[in-house]
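J.: Please read through the structure below; I'll follow up with questions.
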4 protein chains.
Amino acid sequence: MAPPKSPTGATAARRWSTALTLIEPNRILVRGFRLDELMGRVNFAEAIYLLLTGELPSPSVGRLMDAMLVSFIDHGATPPSTLAARNAATTGASIRGSVAAGILGFGRYHGGDVLACRALLDDGLELARQGRSVAAAAAELVDRIVEQGELPPPGFGHRFHSVDPRATRLMQLAHELEFDQEYSQLIRAIEHALSCHASLKGRSLPVNIDGAIAAVCGDIGLPSEVADTLLIISRIPGLAAHALEEQRREKPMRAIDPTSYVYDGPSDRRVPERRK
Amino acid sequence: MAPPKSPTGATAARRWSTALTLIEPNRILVRGFRLDELMGRVNFAEAIYLLLTGELPSPSVGRLMDAMLVSFIDHGATPPSTLAARNAATTGASIRGSVAAGILGFGRYHGGDVLACRALLDDGLELARQGRSVAAAAAELVDRIVEQGELPPPGFGHRFHSVDPRATRLMQLAHELEFDQEYSQLIRAIEHALSCHASLKGRSLPVNIDGAIAAVCGDIGLPSEVADTLLIISRIPGLAAHALEEQRREKPMRAIDPTSYVYDGPSDRRVPERRK
Amino acid sequence: MAPPKSPTGATAARRWSTALTLIEPNRILVRGFRLDELMGRVNFAEAIYLLLTGELPSPSVGRLMDAMLVSFIDHGATPPSTLAARNAATTGASIRGSVAAGILGFGRYHGGDVLACRALLDDGLELARQGRSVAAAAAELVDRIVEQGELPPPGFGHRFHSVDPRATRLMQLAHELEFDQEYSQLIRAIEHALSCHASLKGRSLPVNIDGAIAAVCGDIGLPSEVADTLLIISRIPGLAAHALEEQRREKPMRAIDPTSYVYDGPSDRRVPERRK
Amino acid sequence: MAPPKSPTGATAARRWSTALTLIEPNRILVRGFRLDELMGRVNFAEAIYLLLTGELPSPSVGRLMDAMLVSFIDHGATPPSTLAARNAATTGASIRGSVAAGILGFGRYHGGDVLACRALLDDGLELARQGRSVAAAAAELVDRIVEQGELPPPGFGHRFHSVDPRATRLMQLAHELEFDQEYSQLIRAIEHALSCHASLKGRSLPVNIDGAIAAVCGDIGLPSEVADTLLIISRIPGLAAHALEEQRREKPMRAIDPTSYVYDGPSDRRVPERRK
């Protein structure tokens, strides 16, 4: 009997291609570079950039990649994604299964603002390309947002931080590395237009980390879907660390109340000078 | 009505603790360090080490972390984990859902050799602690393995590579950074004992990347479960890159034959000098 | 320290409610019925209906529930969802982990036609409510579909079956049980309008199983999202059976080519008379 | 370039077989039966049995399948599996993604007692096959369990119910249907031996639903791994119903405290007579 085609719509198998990794006896190429040669010469963030984009980053882009990946490394004990991972871990599930459960805890209300802000910025740049100044484009966007009642816009404001320290740092790094180009300029212009808007008097909506990442990814040339992929990669260590901590410190099968925990780690300490 | 206890065994909720991350208004501490201060000063691999172990790595340990994470960044198009991710991606599932499916494609036959090799090395170090030399402990382990027919031992040999270039490179880096201590010495001694064993004449079983990672994680002091967690983290970018490539280059709902693909990426190119 | 609010937007925990299941010592109520009393009196499909809708189904609705759940019980070896589950299973992952991977293999191109067809039918019924006859509403929908080049419409035609035997059977059962009401009438009218449309001459687009389920769920009063949930429930046994068969019959870590398999189960046999 | 073999151990693809489902144009066979003929003649539970075992169940076995699947249909709002699903759902994840997260919330401490109890019963039956009476085998098992401090044994006792109403009902149904054979006899003998054991005075350890399912699955001839697969299937409707209720009744991104909910569904009502 001939193997049947799929009844659900799969097309017949055919030869296909991948440009990611070549594996031959004793020789592994990632995007054309020998993997053993990459080891010790590029760091993990640079290798991620290489794998996702096809090229090695410049040293400045590499630093921004590291800063963005570090900025998202943990969101604390209360987000639903962390709780999905911890609820799996408390049943004795494997760390990897717990991480998978955690990833499933990113729906459209959680982790989607980077993409939504990027779309907003792309709209604004389209206006600018039609001849408006960046300030005028920003003002027009803000008018539209206020009219449509879509406040806060994605990438601005934070219900917990009045100023998001991660956003400040990322924007500053991009500035130091001379990567604050059209996306960064536009996001600052929008922040300014929001702060001046008559109907928002007194409401502070500074750029948050989602907005800063959206702008920086735009300025270093990462397509939206690559930026979104970066976010998932950056959240894995935190999910894994929570699953690991759950299994090390807590009894199995506990009821996890997200509002009744305390932080008992070290208090404020400084990053050693040698790293600056 | 009082909220009932769970019928499946959950204990009553109580105050619990986390030592990972503190989130206060405008101030985020990861393991006691301000997250915004870490950004730009430590790279992603160092931040992962910090999150998982509680301390910043020394520069040498940081370099080994990067080398290990880079070494596992992609395993090509054919492993079942990649195919699970691609089969999700071809249905139009999100990149994050595809990554989760890929993680579920790591069962006990796939991705478990690092832990199994670590257990073997711990057995050997136990023998050495009882007074045997490293060489004698290795010989005893190999005799036991051969007797019990458990060949190849986890961490040795490769069905595809006669010499695993990633293992060679990682062991060399550990040597250069003066981190080849008891675990590395023992794994080399086992490799030597295997090569000399009468019943294995002609069979080459060099240390592979799983073995090299097991040894290096041992020598830098990472507990087994942290080493295992590292592996999952290291495999995410590859799973994500395959899901992304699937959706960019292929038609939806295709039947993916893992034996009929070609690599069409760049051919061998060198890592630029500046990075060496 | 007061437990911090979530930085990602979680609102403060508060008392919440569930209407599904009450668990008290020695007494479990599902939607108000004692679970032990349901056991042996209602079958699994009826219990699923109860859990999802809050009420026990009539005997006729119960039979249609069973028919729909049975109709989707397996889609064979080639759909990406099955392959995601089998690729997890071949690595030695647990059956439950393999099932989870399989569920992740339902993206927007796979398993979404029931909902899309339901939306189409709801559009048509809206037209009918505005005063058109069912036939006129169907003709208008088909004109619109043809104009917009959206052929085949969701719920019609099949790339593999010229007549989907499951759809025929489900529509016939609904007819026998006097449940072919407005949704069923409309879907037949659309099928008729498609068969008569000048520009589709010779192209057969009969109602498929997705369309039949969409219509029957509509006529028995299930909201769209409940219909969608039913589909996921119905696909689990097939995913689990493939994962189980993979681990029983095949060697671990095999490369699974979806185009090179054969069916070696029993050939055509009849359902025993007593069940009719 | 020839497609490379996998470096992670996948063997070359080859022709493989499935005995589950044959799909030909206009003809679908599940285990040899036409799927359209099964629809309306066998119910969902019977079709699940057919798919997993290869044969249709007798009417009595069909009723026991239904009773077991119904008994596990929901475990309420507090188990970690439910919470993993609800934490995914609150982020706006799809119902299917939430169900997958819920499945990942079954680790070795949650949902594993059916298999563990089955292994205990198989040990006991092995003793009985060696010539002991069922009572003597039970007494020996209980002595061993008490000595090794493994109390309660899997399948006995409940931290919430003093008598598990589901277990009582399932055992009674198996008795009525004359299916209480060696596994059921042994589990009752163990229950009796536990109640008489000197060192357990006053501690009540009646058979719970996990134990009852283990015994009934044994007596109807289901292999362990099929029994385990049944459990996963039976838990899906509950996970889906919780995800659906979460999205219908609660605001997105809420912090879900598993100890502060109330049941607000109907109070005790009777299953209508016609179903008895």
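J.: Take C:Y109, C:Y49, B:Y261 and sort them by solvent-accessible surface of the protein heavy atoms, 1.4 Å probe, largest at the top.
T.: Descending accessible area places them as C:Y109, C:Y49, B:Y261.
J.: Using a 1.4 angstrom probe on the protein heavy atoms only, line up B:F179, A:F106 by accessible area, largest first.
T.: The most accessible residue leads, giving B:F179, A:F106.
J.: Can you give the calculated 222 nm mean residue ellipticity of chain B, where each DSSP H run of n ≥ 4 adds -39,500 (n - 2.57) and the sum is split over every residue, rounded to the nearest 500 deg cm²/dmol?
T.: Mean residue ellipticity, 222 nm, calculated: -16500 deg cm²/dmol.
J.: If you count the DSSP beta bridges with both ends in chain C, what percent of them are antiparallel, to the nearest 5?
T.: 90 percent
J.: Let me ask something else. Using a 1.4 Å probe and ignoring any ligands, DNA or RNA, find the accessible area of A:T18 and quote it in Å² to the nearest 10.
T.: 0 Å²
J.: Using alpha-carbon pairs under 8 Å, 6+ residues apart, how would you state the relative contact order of chain C in percent?
T.: So the answer I get is 24 percent.
J.: Once you order the gyration tensor axes a ≥ b ≥ c over the Cα atoms, which shape class does the stretch A:185-263 get: rounded for a/c under 1.5, otherwise prolate or oblate by comparing a/b with b/c?
T.: Since a/c reaches 1.5 but b/c is at least a/b, the shape of the stretch A:185-263 is classed as oblate.
J.: Could you work out the relative contact order of the stretch B:74-177, using alpha carbon pairs under 8 angstrom and six or more residues apart, expressed as a whole percent?
T.: 18 percent
J.: Name the shape class, rounded, prolate or oblate, that the alpha-carbon gyration tensor gives for the stretch A:121-276, where a ≥ b ≥ c are the square roots of its eigenvalues, rounded holds for a/c under 1.5, and otherwise prolate holds if a/b is larger than b/c and oblate otherwise.
T.: prolate
J.: According to the square roots a ≥ b ≥ c of the eigenvalues of the Cα gyration tensor, what is the shape class of the protein assembly as shown, taking rounded for a/c under 1.5, prolate for a/b larger than b/c otherwise, and oblate for the remainder?
T.: Since a/c stays below 1.5, the shape of the protein assembly as shown is classed as rounded.
J.: Using a probe radius of 1.4 Å on heavy atoms only, what accessible surface per residue do you get for the stretch C:130-276? Whole Å² is fine.
T.: Heavy-atom SASA per residue in the stretch C:130-276 reads 42 Å².
J.: Okay, moving on. Over the stretch B:144-276, what is the mean sequence separation of C-alpha contacts under 8 Å (at least six apart), divided by residue count, expressed as relative contact order in percent?
T.: It rounds to 26 percent for the stretch B:144-276.
J.: Here's another thing I want to ask about it. Give the accessible area for A:D164 in Å² (nearest 10); use a 1.4 Å probe, count only protein heavy atoms, and leave out ligands, DNA and RNA.
T.: Approximately 0 Å² for this residue.
J.: Right, next: Once the other residues with Cβ under 13 Å from the Cβ of A:L239 are scored (Lys, Arg +1; Asp, Glu -1), what is the net sum?
T.: +1
J.: When the C-alpha atoms of the stretch D:11-123 are aligned to their principal axes, what extent does each axis show, in angstrom, from largest down?
T.: 44, 39, 38
J.: May I ask for the net charge around A:G221, where only other residues with Cβ less than 12 Å from the Cβ of A:G221 are counted and Lys, Arg are +1 while Asp, Glu are -1?
T.: Around A:G221, the charge tally is -3.
J.: Now a separate question. Most mobile of C:S184, C:S195, C:S81 per a Gaussian network model of chain C (Cα springs, under 10 Å)?
T.: C:S195
J.: For the stretch D:110-192, report the % of Cα-Cα distances exceeding 23 Å.
T.: 21 percent
J.: Could you work out the local net charge near A:I145, counting Lys and Arg as +1, Asp and Glu as -1, over the other residues with Cβ closer than 13 Å to its Cβ?
T.: -4
J.: How large are Rg and Dmax for chain B when only the alpha carbon atoms are used, in Å?
T.: When restricted to the Cα atoms of chain B, Rg and Dmax are 22.1, 74 Å.
J.: Mind checking how much accessible area D and C bury in total, 1.4 Å probe, in Å² rounded to 100?
T.: Interface area, both chains combined: 11200 Å², rounded to the nearest 100.
J.: Going by Cα centres, the stretch C:196-219 and the stretch B:70-88 are how many Å apart?
T.: 39 Å
J.: Could you work out the pair-distance distribution P(r) of the stretch C:234-276 from its alpha-carbon pairs, with 5 angstrom bin width and percents rounded to whole numbers?
T.: 5, 14, 16, 23, 20, 12, 5, 4, 2
J.: What nm value, rounded to one decimal, do you get for the distance between C:Q130 and A:S60 when each label is placed 7 Å out toward the C-beta?
T.: Result for the modelled spin labels: 5.6 nm.
J.: Distance between the C-alpha centers of the stretch C:220-243 and the stretch A:121-139? Whole Å please.
T.: Answer, in whole Å: 47.
J.: Based on DSSP, what percent of beta bridges with both residues in the protein assembly as shown are antiparallel, to the nearest 5?
T.: Counting DSSP beta bridges with both partners in the protein assembly as shown, the antiparallel share is about 55 percent.
J.: Quick check for you: with a 1.4 Å probe and neighbouring chains kept, what is the accessible area per residue of the stretch A:7-120, in Å²?
T.: Counting only protein heavy atoms, the per-residue value for the stretch A:7-120 is 22 Å².
The values are calculated or read from the model by the stated rules, or taken from the named source; none is laboratory data. All figures in this text were calculated on a predicted structure; none of them were measured in a lab. In this analysis, Cβ positions are derived from the backbone assuming ideal geometry, glycine residues included, and neighbour counts consider all displayed protein chains. Protein only, heavy atoms only, side chains kept; ligands, DNA and RNA dropped before computing areas. Shrake-Rupley method; radii C 1.70, N 1.55, O 1.52, S 1.80 Å.
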